[in-house]
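Participant: The structure under discussion is supplied below as structure tokens; questions concerning it will follow.
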Ligand code: ZN
Ligand code: FE
């Protein structure tokens, strides 16, 4: 199986997974880069996996379905361009011979879902849309901080080797914030060096892994004493884990 990050818009990635003949695409906000890749690689599109309703994740769905006849999968709790197979947490769908487990990850949007498979080409793979980014997490537009924390906990509990396919290249700016939160995190400093080198070569920093994110991402580390202490220096009244997480997200929203 081949995993390809197709750049779109300013900083989106449309993830394409293929076996040389058949493909699936995740969150095609734009049809054109997907059509180009299918033609260039000689692939037939079998499945379109959608994580949430935002336009930069759904704008190309209808055109691709029409052009290819691919089946569309998406969150039962949100409206995306239909017809599509509506999924909720605990469901499993078979696409490209792989059983994808659906995980509910509300927070960025109310019905956001993620797709996980334990063995794709020998390693676990996660498509998490705008819930988890490398070094960061999505903004909480429709859900609550408690929901987002629980969603990130669910993703953080996946195997360390899980490849994390996020929908945006936000890594370097996220890492700048992460270093403000945890200036003494040696793994974070080393990871930042690696990501800078990749961006200088115009390469994606993604996929990341769950193991890496647990070591460097403040939003998966909000219960760590170093992170909680840094947050309380900004928000002294944050006195439980949800309040600390909420204050961390607030701090990032205003960080320059
Ligand atoms: Zn979004
Ligand atoms: Fe997005």
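Participant: Using a 7 Å offset from Cα along Cα-Cβ at residue 21, what residues in the range 58-82 end up with backbone N under 14 Å from the label point?
Facilitator: Taking a point 7 Å out along Cα→Cβ of residue 21, no residue of the range 58-82 has its backbone N under 14 Å.
Participant: Using only Cα atoms and rounding to the nearest 10 degrees, what angle (0 to 90) does helix 32-41 make with the longest principal axis of the chain?
Facilitator: 60
Participant: Can I ask one more? Across bins of 10 angstrom width beginning at 0, how are the C-alpha pair distances of the range 16-85 distributed, in whole percent?
Facilitator: Histogramming the range 16-85 at 10 Å steps yields 23, 58, 17, 1 percent.
Participant: Counting C-alpha atoms alone, how compact is the range 126-168: give Rg to one decimal and Dmax as a whole number, in angstrom.
Facilitator: Radius of gyration, then largest Cα-Cα span, for the range 126-168: 10.2, 30 Å.
Participant: Cα axis of helix 186-200 to longest principal axis of the chain: angle in degrees, 0 to 90, nearest 10?
Facilitator: 40
Participant: Where the centroid of each part is defined by its Cα atoms, how far is the range 20-53 from the range 213-246 in Å?
Facilitator: 38
Participant: Given that compact globular proteins tend to follow 2.2 N^0.38 Å, what is the ratio of the alpha-carbon Rg of the range 70-218 to that value? Provide the component values of the computation, followed by the final result.
Facilitator: Numbers: Rg = 15.7 Å, N = 149, 2.2 N^0.38 = 14.7 Å.
Dividing the Cα Rg of the range 70-218 by 2.2 N^0.38 Å gives 1.07.
Participant: Right, another one. Which one of 18, 168, 202 has the biggest mean-square fluctuation once the chain is modelled by GNM with Cα springs under 10 Å?
Facilitator: 202
Participant: Over 10 Å intervals from 0, what percent of Cα-Cα pairs in the range 157-214 sits in each interval?
Facilitator: With a bin width of 10 Å, the distribution comes to 22, 54, 24, 0.
Participant: What list of whole percents do you get for P(r) of the range 2-254, with Cα-Cα distances grouped in 10 Å bins up to the one holding the largest distance?
Facilitator: 7, 32, 36, 19, 5, 1
Participant: Could you order peptides 43-56, 242-255 by the average number of other Cβ atoms within 10 Å of their residues, highest first?
Facilitator: Ranked from most to least packed, the peptides come out as 43-56, 242-255.
Participant: Say each of residue 229 and residue 190 gets a label point 7 Å from the Cα, pointing the same way as Cα to Cβ; how far apart are those two points in nm?
Facilitator: Between residue 229 and residue 190, the label points sit 2.2 nm apart.
Participant: For the chain, what does the helix formula give at 222 nm: sum of -39500 (n - 2.57) over DSSP H segments with n ≥ 4, over the residue count, nearest 500 deg cm²/dmol?
Facilitator: Only helices count here, giving -10500 deg cm²/dmol.
Participant: Report the convex hull volume per residue for the range 195-256, counting only C-alpha atoms, in Å³.
Facilitator: It comes to 107 Å³ per residue, whole-number rounded.
Participant: Please identify, among 142, 66, 32, the residue showing maximal mean-square fluctuation in a Gaussian network model of the chain using a 10 angstrom Cα cutoff.
Facilitator: 66
Participant: Expressed as an acute angle from 0 to 90° and rounded to the nearest 10, what is the orientation of the C-alpha long axis of helix 171-181 relative to the principal long axis of the chain?
Facilitator: 20
Since every read-out is calculated from the coordinates, none of them should be taken as a lab result. Just so it is clear, the structure is predicted and the values come from calculations on it, not from any experiment. FYI the Cβ positions are ideal-geometry reconstructions off the backbone, even for glycines, and counts take in every protein chain you see.
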